[in-house]
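The values are calculated or read from the model by the stated rules, or taken from the named source; none is laboratory data. Since the model is a prediction, treat every value here as computed from it, not as a measurement. Glycine also receives a Cβ, built like all others from the backbone with ideal geometry; neighbour counts cover every protein chain displayed. Remember, those area values only see protein heavy atoms, side chains included, never the ligands or the DNA or RNA. Shrake-Rupley method; radii C 1.70, N 1.55, O 1.52, S 1.80 Å.
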Amino acid sequence: DSGVTQTPKHLITATGQRVTLRCSPRSGDLSVYWYQQSLDQGLQFLIQYYNGEERAKGNILERFSAQQFPDLHSELNLSSLELGDSALYFCASSESTSGRPRGQFFGPGTRLTVL
Amino acid sequence: QKEVEQDPGPLSVPEGAIVSLNCTYSNSAFQYFMWYRQYSRKGPELLMYTYSSGNKEDGRFTAQVDKSSKYISLFIRDSQPSDSATYLCAMRGSNYKLTFGKGTLLTVNP
């Protein structure tokens, strides 16, 4: 168990809908990262938050947004869903930026199916 | 050319074999190198984390980094059926964005 929790585990919805994925980082970790994993694209970095502020952006669509709250949990919002958004969505967390970082720890993921 | 290349396999070995997994990369800015293990439908699990060129050993696992050749490897000694999983290499530069290989599917047969 990595200490990173994600809810829900599975989500089935229809095209055009909006969903929210939730992540709680490991205790003490200030950074949260979101990744999308599909069979053809592999693991793709979406966005990073550090202590409530956006730190880096990857291949995140404009229909997707995220935020990190004062208690450090994070939410990824996916709107106007398309069939191609069906994938596994992972959250990861890492230590604060002080000292030598030691990698990112991944949650169990949310499997999103868009019908 | 993709930033990170990893042979997807599949790789099938008998129990007890030494397994070698490899990735090449093109971005000279990559400084930190990781190996993750992912079981089917689970989250990636961090196995090894290295910063500099050279070898790092942890139990049956050895990570090797050759920055001059832009080549990293993971060796698994005395492989076990429980090692059957997808192995992903990952790397990053000074920012915290990880770039992953596509993963190599490994099966260790009893």
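Please go through region B:41-59 and give me each residue that is among the small types (Gly, Ala, Ser) and either at the interface with chain A (Cβ under 10 Å from one of its Cβ atoms) or in contact with a strand residue (DSSP E or B) (Cβ under 8 Å, 6 or more places away or on another chain) (or both), ordered by number. Steps first, answer last, please.
Applying the first criterion (among the small types (Gly, Ala, Ser)) to region B:41-59 yields B:43, B:52-54, B:59.
Those that are among the small types (Gly, Ala, Ser) and either at the interface with chain A (Cβ under 10 Å from one of its Cβ atoms) or in contact with a strand residue (DSSP E or B) (Cβ under 8 Å, 6 or more places away or on another chain) (or both): B:Gly43, B:Ser52, B:Ser53, B:Gly54.
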*A:Arg22 vs. criteria under 12 Å from the mean Cα position of the chain (by Cα) and open to solvent by 80 Å² or more (accessible area, probe 1.4 Å)*: yes
*(1) within 20 Å of A:Phe106 (Cα to Cα); (2) more than 12 Å from chain A (Cβ to nearest Cβ): which one isn't true of B:Ser28, the others all being true?*
(1)
*Residues located in region B:1-31, provided they are assigned to a strand (DSSP E or B), open to solvent by 30 Å² or more (accessible area, probe 1.4 Å) and under 23 Å from B:Lys70 (Cβ atoms)*: B:Glu5, B:Leu11, B:Ser20, B:Asn22, B:Thr24
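Results for (1) touching a helix residue (DSSP H, G or I) at 6+ places or on another chain (Cβ under 9 Å); (2) of a type in the set (A, V, I, L, M); (3) in a loop (DSSP other than H, G, I, E, B), shown as yes or no for each residue.
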{"position": "A:Ile12", "(1), (2), (3)": "no, yes, no"}
{"position": "A:Phe45", "(1), (2), (3)": "no, no, no"}
{"position": "A:Ala92", "(1), (2), (3)": "no, yes, no"}
{"position": "A:Gly103", "(1), (2), (3)": "no, no, yes"}
_Given (1) within 14 Å of another protein chain (Cβ to nearest Cβ); (2) open to solvent by 30 Å² or more (accessible area, probe 1.4 Å); (3) among the charged types (D, E, K, R), identify the lone condition not met by A:Glu82._
(1)
*Examine region A:87-108 for a residue that is more than 11 Å from chain B (Cβ to nearest Cβ), acidic (Asp, Glu) and touching a residue at least 40 places away in the same chain (Cβ under 8 Å), and state whether such a residue exists.*
no
*Since B:Lys97 meets every condition but one in (1) open to solvent by less than 50 Å² (accessible area, probe 1.4 Å); (2) within 25 Å of A:Thr110 (Cβ to Cβ); (3) within 9 Å of chain A (Cβ to nearest Cβ), which condition does it not meet?*
(1)
*Look at region B:54-82 and say how many of its residues are in contact (Cβ under 8 Å) with a residue 40 or more places away in the chain and surrounded by 19 or more Cβ atoms within 10 Å (Cβ to Cβ).*
4
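Scan region A:34-79 for residues that are among the hydroxyl-bearing types (Ser, Thr, Tyr) and surrounded by 16 or more Cβ atoms within 10 Å (Cβ to Cβ) and jot them down.
Just the residues of region A:34-79 that are among the hydroxyl-bearing types (Ser, Thr, Tyr), to begin with: A:35, A:38, A:49-50, A:65, A:74, A:79.
Once the filter is applied, which keeps residues that are among the hydroxyl-bearing types (Ser, Thr, Tyr) and surrounded by 16 or more Cβ atoms within 10 Å (Cβ to Cβ), region A:34-79 yields A:Tyr35, A:Tyr49, A:Tyr50, A:Ser74.
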